[in-house]
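Notes follow the structure.
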Amino acid sequence: MKSTTPPNITRHIRQLIAKVVPGGKADYLTIHPEADAVVNECFPNVAAKIARAGGRMLCGWQIWEWPHVMVEAEFHAVWVSPEGQQVDITPKPHGEATILFVPDARRTYSGVVIDNVRLPVRDDLLVRHFIKASEAIVQVMNRGERAAQYGHISVPAHEIEPLMMAQGFLGQSISSGLRDHDPCLCGRGSKYKRCHGPGFEALFSK
């Protein structure tokens, strides 16, 4: 699986933008990583930049696309220079040079995790289950007192491992080009929706 910056604003991306920021407008921003910036740590990166150079933090949503599978909005922050220029100073996992960003004036960063918002781009149980697995993992990681923790979070194995295994199985299935009506990745010969599908549905409903 590799999600990346979408090259075009498609119908599904417009639907996603409307869901996270009704009436919002997305723009492509060039990424100018700071030398000491850490991948995926936009909030401390921007805070450090403000301490050095002034300006302010602008929160919003970074839009990702897994082509032909799903689109995803990630809560994100960019730096706004004293002159008013929006700059993404946070490097990306796969070295993207631009992001598609939707400002969200309603939100600020409070230290609480905000889950990504995901929409499937095709009607397929494997994709819907992958999204459910991703949502369930975030819920477990932030259950109870863990919601206020930052950095490395200790989660009991019995809570997180079944979900991580399910997400990995689903991601591999989708990346292999399988659909819910194809034989399940496990090799038993049954269609996914009659093989692993019911068990995963029960797991995500706990």
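Our summary of shape: the Cα atoms of the chain have principal axis extents of 61, 39, 30 Å, ordered from largest down, in whole angstrom. The packing ranking of peptides 127-135, 19-27, highest mean first, is 127-135, 19-27, where packing means the average number of other beta carbon atoms within 10 angstrom of each residue.
For the cross-link pairs K19/K92; K25/K193; K25/K206, the ones whose C-alpha atoms lie over 31 Å apart are K25/K193; K25/K206.
For the chain, what relative contact order do you get, as a whole percent, if you take Cα pairs closer than 8 Å and at least 6 residues apart?
Worked out over the chain, it gives 20 percent.
Calculated mean residue ellipticity at 222 nm for the chain: -10500 deg cm²/dmol, from DSSP H runs with n ≥ 4 weighted as -39500 (n - 2.57), summed, divided by the residue count and rounded to 500.
Here the chain is treated with +1 on each Lys and Arg Cβ and -1 on each Asp and Glu Cβ, and its dipole about the Cα centre works out to around 560 debye.
Residues whose amide H comes within less than 5 Å of that of D180, counting only those at least five positions distant or on another chain, are L125, L126 (H built at 1.01 Å from N in the peptide plane). Per the Debye formula on identical point scatterers at the alpha carbon atoms of segment 11-103, with no solvent, log10 I(q)/I(0) at q = 0.14 Å⁻¹ is -0.49.
Give me the angle, in degrees from 0 to 90, between the Cα long axis of helix 42-53 and the longest principal axis of the Cα atoms of the chain, rounded to the nearest 10. The angle comes out near 10 degrees.
Take every pair of alpha-carbon atoms less than 8 Å apart whose residues are at least six positions apart; their mean separation over the length of segment 1-82 yields a relative contact order of 35 percent.
Throughout, read-outs are computed from the coordinates displayed, never taken from laboratory work. Bear in mind the structure is a predicted one, so any value in this text is a computation, not a measurement. Counting neighbours? That spans all protein chains shown, and the Cβs are built from the backbone with ideal geometry, glycine included.
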